[in-house]
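Note sheet for the following structure.
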Amino acid sequence: MNLQESGQMYLETILILSKKNTHVRSIDVCEYMGFSKPSVSRAIGLLKKGEYITVDKDGYISLTDTGRETAQKIYDRHDVLTDFLVSLGVDSEIASADACKIEHHISDESFEAIKKALKK
């Protein structure tokens, strides 16, 4: 299953929420992302079908190994891109918002070049 940008955003959100709380539920995702329950429910169903997450009988969401790997990649990209933009003088809130847009589309090659430039 080729994961679209929205699916990546959901996985990243689940990862962020799981770092803050032991249990993550669909309602937590709704509140964090500001999306409706039906939208989140549909996305959760697709992520479950794609084996990126599991949902237990109590409604708690867990990332599978594949889901965690994908979410971590997006999360890392977000952090690095935000830091990069801030280092160029962009306001941190704007940098974070722009990083969110870029993180899903940047090539691995360009991303690695930015990481390398930041280490210098």
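Every read-out reported here was derived from the displayed coordinates using simple, explicitly stated rules and does not represent laboratory data. Given the structure is predicted, the values throughout are model-derived calculations rather than measurements. Methodologically, a virtual Cβ is constructed for each residue, glycine included, from the backbone with ideal geometry; neighbour enumeration extends over all protein chains shown.
Brief remarks follow.
Rundown of residues vs (1) outside any loop (DSSP other than H, G, I, E, B); (2) of a type in the set (Phe, Trp, Tyr); (3) under 19 Å from GLN4 (Cα atoms), yes/no style:
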| site | (1), (2), (3) |
| --- | --- |
| LYS48 | yes, no, yes |
| ASP58 | no, no, no |
| SER62 | yes, no, no |
| GLY67 | yes, no, yes |
| ILE74 | yes, no, yes |
| HIS78 | yes, no, yes |
| LYS101 | yes, no, yes |
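- Test result for LEU85, assigned to a helix (DSSP H, G or I) and either among the basic types (Lys, Arg) or farther than 30 Å from ARG25 by Cβ (or both): yes
- Annotation note: of TYR60, TYR32, TYR52, the sole residue that is in contact (Cβ under 8 Å) with a residue 12 or more places away in the chain and touching a Lys or Arg at 6+ places or on another chain (Cβ under 7 Å) is TYR60.
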